[in-house]
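Reviewing the structure listed below.
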Amino acid sequence: MTTVAVEPSIGSRVGVRPRAVVVGVAALIATVVVAVLSLGTGEFPIAPADVVKTLFGQGTPAHAFIINELRLPRLITAVLVGAALAAGGAVFQSLVRNPLGSPDMLGVTNGASTAALAVVILGGSSTQLSVAAVAGGLAATVLIQLIAGRALHGFRFILVGIGMAAILTGVSSYLLTRGVQMENARALLWLTGSLDGRDWSNAIPMALALAVVLPVLLLACGPGLRILEMGDDAASALGVPVPLLRNGALLSAALLVSFAAASAGPVQFVALIAPHLAKRLTGAPGPNLLPSIAVGALLLTGADYLAQHTLSDNVLPVGVVTGLIGGGYLVWLLTTERRAGRI
Amino acid sequence: MTGHTPRLSGSGMTLAYDKRVIAEELSVEIPDGSFTVIIGPNACGKSTLLRALARLLKPSAGTVLLDGRDVHSQPTRTVARTLGLLPQSSTAPDGITVAELVARGRYPHQSILRRWSATDERVVTESMEATGVADLADRHVDELSGGQRQRVWLAMALAQQTPLLLLDEPTTYLDIAHQIEVLDLCAELHERQGRTLVAVLHDLNHAARYATHLIAMRAGRIVGSGQPGDVLTAALVEDVFGLACRVIDDPETGTPLVVPAARRRSGVPHPAPAVP
């Protein structure tokens with residue numbers, strides 16, 4: 001008996017890796033499971049089967065009210081914000097070629113929160129707050145980019161970004177000292193990042209931003225971003241219009257992160273951890289946009305589930321949970337990497 | 001085309017990083033079908049010249065012409081189908097395999113609608129075979145040796161299928177055996193595939209042995225160009241590098257071989273080292 005070893009084609013070996021598909025699909029399924037659990041949990045528990053029935057329009061009016069009116073907007077906001085933060089984070093980490101180069105470290109999220117904080121202290125409406133957050137995040141990004149210069153090398157961008165974050169943190173602290181007590185309580189809750197009381201007015205702008213920006217990122221920027229990881233010169237030699245791609249991807253990512261901040265406040269660590277986790281799970285090069293998005297949605301939905309139901313009497317802001325999970329993950333990562341002798 | 005104008009040339013170029021001027025009024029022609037090697041001391045502007053030719057640096061004055069048109073007025077992707085570059089430092093993304101990296105050379109030939117074709121398949125296979133990395137196809141690039149890695153990058157540049165290929169110090173960081181291996185490979189590609197190669201090299205003897213056309217630079221100026229046998233003289237080496245030397249015939253190839261002059265001895269000869 002002879003066995004003929006048939007070499008698989010190069011094309012089948014260089015396309016999307018099966019493991020990346022598995023990670024993405026698994027994260028999506030897990031998100032759906034957490035979502036059903038989350039929709040069924042609360043003061044008025046609903047069995048998972050009834051949750052699914054209600055979502056397909058077959059539930060009782062009471063269930064329909066509790067799920068569709070009370071719990072679904074918050075859940076959808078969590079899914080969308082998680083996805084947006086992860087996509088933004090993946091693009092940032094890819095652009096600055098640094099796994100710590102996430103928008104919440106580099107001043108973009110700070111831009112959004114400082115502007116929003118100013119609105120809160122001045123007693124503005126929640127619409128004004130959202131607009132300010134988006135404008136603030138974008139303004140911070142443009143400013144960092146202008147200061148970092150046209151060449152926009154990863155390292156310079158990181159340094160300027162960290163400086164920007166520090167300045168904006170200072171401004172935020174000053175704003176808090178100027179505010180009166182009641183506004184400060186609202187401001188502090190917002191600054192932690194919370195999904196409490198989110199309704200469709202929070203979910204819809206986020207959904208629109210994703211609908212517009214994601215196709216741009218995935219189709220127009222994705223292939224170029226993969227090439228850009230090899231360095232500006234190599235990418236340029238391969239025909240990537242480097243400055244155009246950088247600016248486009250950076251602004252798209254900043255837009256997603258700013259809208260996320262407008263919807264849920266500056267939720268920490270999701271933009272940092274989700275792409276990192278996705279990359280680790282897939283083992284694939286490139287920004288891993290789709291797996292990151294799925295992992296981000298799962299992370300924030302899961303974190304919000306814990307935030308709502310861990311403490312029985314007191315609801316935690318989701319930002320506290322993501323901070324704990326994200327910080328824990330980072331520490332665990334550093335310890336294991338150190339043991340493996342990689343750092 | 002008159003037939004006299006080479007496909008790639010630069011004329012009257014001022015090359016500068018921000019305000020720091022590297023070269024002024026620099027003109028250069030790359031003969032079609034040549035293996036051109038640029039030599040010169042550190043900071044003479046040879047890599048800068050290569051960057052300008054590769055469209056990575058826009059001259060603040062003068063132009064680089066590729067097929068008769070200003071290279072900067074052409075879209076990046078169009079240029080990338082004619083002119084390839086192997087930069088001095090490239091980063092292999094974490095977790096990338098050899099086949100995946102080589103396949104990226106096909107990027108300028110692909111689009112959102114046309115992702116992977118039979119041509120891509122064939123060209124990538126051939127490029128890996130030509131550079132001897134086909135057996136490594138599924139290995140991770142970061143676990144390869146320096147020599148293997150450089151061959152993988154070269155395979156990627158080959159997969160780009162450009163008639164012109166620029167190489168920025170392709171032998172840096174390699175040991176002598178791997179340096180020769182990479183240069184032999186370049187010479188073979190030049191002869192067999194008829195590509196025009198332009199390389200920046202530090203080693204004069206390598207340059208003399210492999211180049212069909214040699215360009216010597218000093219302080220942002222071209223001080224000699226032509227056949228290595230005509231350009232590489234003791235006087236030029238003294239002038240360009242400030243190095244006293246003799247130039248003899250390479251016993252292997254008959255090309256010029258630069259032998260640096262022995263250290264000038266002081267009057268008193270050194271005592272012989274003590275034998276332990």
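The values are calculated or read from the model by the stated rules, or taken from the named source; none is laboratory data. Predicted model, so just to flag it, every value in this text is computed and none were measured. Cβ coordinates were reconstructed from backbone atoms using ideal geometry, including for glycine residues, and neighbour counts include every protein chain displayed.
Quick notes
- Sole residue being touching a residue at least 24 places away in the same chain (Cβ under 8 Å), within 23 Å of B:I39 (Cβ to Cβ) and of a type outside the set (S, T, N, Q), chosen from B:L136, B:L144, B:L204: B:L204
- Yes/no for A:V242 being facing chain B (nearest Cβ under 9 Å) and either β-branched (V, I, T) or touching a residue at least 24 places away in the same chain (Cβ under 8 Å) (or both): yes
- Contacts under 6 angstrom Cβ, first residue in the range A:249-267 being under 13 Å from A:P103 (Cα atoms), partner in a loop (DSSP other than H, G, I, E, B), 6 or more apart: A:V257/A:P103; A:P266/A:G193; A:V267/A:G193
- Checklist (1) over 26 Å from A:A274 (Cα atoms); (2) within 21 Å of the chain's Cα centre (by Cα) applied to A:A20, failing item: (1)
- Output for the range B:134-160, where each listed residue is within 12 Å of chain A (Cβ to nearest Cβ) and in a loop (DSSP other than H, G, I, E, B): B:A137, B:D138, B:R139, B:Q160
- A:L129 in a helix (DSSP H, G or I) and either more than 30 Å from B:P87 (Cα to Cα) or within 14 Å of chain B (Cβ to nearest Cβ) (or both): yes
- Total residues in the range B:250-268, condition at pLDDT below 90 and not polar (S, T, N, Q): 6
- Within the range B:180-202, the set of residues being under 22 Å from B:E29 (Cα atoms) and not hydrophobic (A, V, I, L, M, F, W, C) comprises B:H190, B:E191, B:Q193, B:G194, B:R195, B:T196, B:H202.
- Some residue of the range A:40-58 being loosely packed, with under 14 Cβ neighbours inside 10 Å and of a type in the set (A, V, I, L, M): yes
- Any hit, the range B:191-200, residues being basic (K, R) and more than 30 Å from B:E126 (Cα to Cα): no
- Exactly one residue out of A:G59, A:G101, A:G88 is in contact with a helix residue (DSSP H, G or I) (Cβ under 6 Å, 6 or more places away or on another chain) and assigned to a helix (DSSP H, G or I), and it is A:G88.
- Within the range B:190-219, considering residues that are surrounded by 21 or more Cβ atoms within 10 Å (Cβ to Cβ) and among the small types (G, A, S), the one nearest to B:P41 (Cα to Cα): B:A216
- Qualifying residue in the range B:166-175 (condition: over 21 Å from B:S47 (Cβ atoms) and facing chain A (nearest Cβ under 10 Å)): no
- Meets criteria (modelled with pLDDT of 90 or more and either more than 18 Å from B:E100 (Cβ to Cβ) or buried (at least 19 other Cβ atoms within 10 Å of the Cβ) (or both)) for B:D184: yes
One line per residue, one yes/no per condition, for (1) more than 21 Å from B:V79 (Cα to Cα); (2) surrounded by fewer than 17 Cβ atoms within 10 Å (Cβ to Cβ); (3) not assigned by TED's automatic domain parsing to the domain that holds B:H72:
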| site | (1), (2), (3) |
| --- | --- |
| B:S9 | no, no, no |
| B:M13 | no, no, no |
| B:D18 | yes, yes, no |
| B:E25 | yes, yes, no |
| B:F35 | no, no, no |
| B:P41 | yes, yes, no |
| B:C44 | yes, no, no |
| B:S47 | no, no, no |
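- Wholly within the range B:19-105, helices (runs of 4 or more DSSP H) carrying at least 1 residues that are within 24 Å of B:Q193 (Cβ to Cβ), within 14 Å of another protein chain (Cβ to nearest Cβ) and within 17 Å of the chain's Cα centre (by Cα): B:46-53, B:76-80
- Across the range B:106-121, the qualifying residues are those that are facing another protein chain (nearest Cβ under 7 Å) and in a loop (DSSP other than H, G, I, E, B), and the one among them that is nearest to B:C186 (Cα to Cα) is B:W116.
- Unmet requirement for A:S194, which otherwise passes all of (1) touching a Gly at 6+ places or on another chain (Cβ under 6 Å); (2) part of a helix (DSSP H, G or I): (2)
- Here A:L219 passes the criteria (1) closer than 21 Å to B:R77 by Cβ; (2) of a type in the set (A, V, I, L, M, F, W, C); (3) away from chain B (no Cβ under 13 Å) except the one numbered (3).
- Residue match in the range B:172-180 (condition: among the hydroxyl-bearing types (S, T, Y), under 30 Å from B:R7 (Cα atoms) and in contact (Cβ under 8 Å) with a residue 24 or more places away in the chain): yes
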